[in-house]
Amino acid sequence: MSYSLSEEKKRVHKLSLDSRSALEICGVEEVLGFDEERVSLRSSEGGLEIEGSGIKIETLDTDSGIVKLSGRVNAIYYESEGDGRRRGLFRRAR
């Protein structure tokens, strides 16, 4: 399942995580896929993957590029430019 956002100028990318249970992401260009354990998306800064448990998309605002998630966040990865590998922003801290 893929959701593309309307074509506009490059958006500012920002993450806000509250107690590992509420995540707001700004600058989202496309949600590539999601389930209760993983959300994959493309932001204005490249690929981004969120892993956890019980993840739900609470808000998907395609006009402003904002996605809000709830559930337990265990890891946030950015895709490295060029090599396709992921780099952890915060990883499996329990």
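The values are calculated or read from the model by the stated rules, or taken from the named source; none is laboratory data. Predicted model, so just to flag it, every value in this text is computed and none were measured. Neighbour counts run over all protein chains shown; Cβ positions are idealised from the backbone, glycine included.
Overview of results
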| read-out | value |
| --- | --- |
| Members of the stretch 1-32 found to be farther than 12 Å from Leu48 by Cβ, modelled with pLDDT under 95 and in a strand (DSSP E or B), listed by number | Tyr3, Ser4 |
| Long-range neighbours under 7 Å by Cβ, at least six apart or interchain, first residue over 9 Å from Val73 (Cα atoms) within the stretch 13-29, second acidic (Asp, Glu) and outside any loop (DSSP other than H, G, I, E, B) | Ser16/Glu24 |
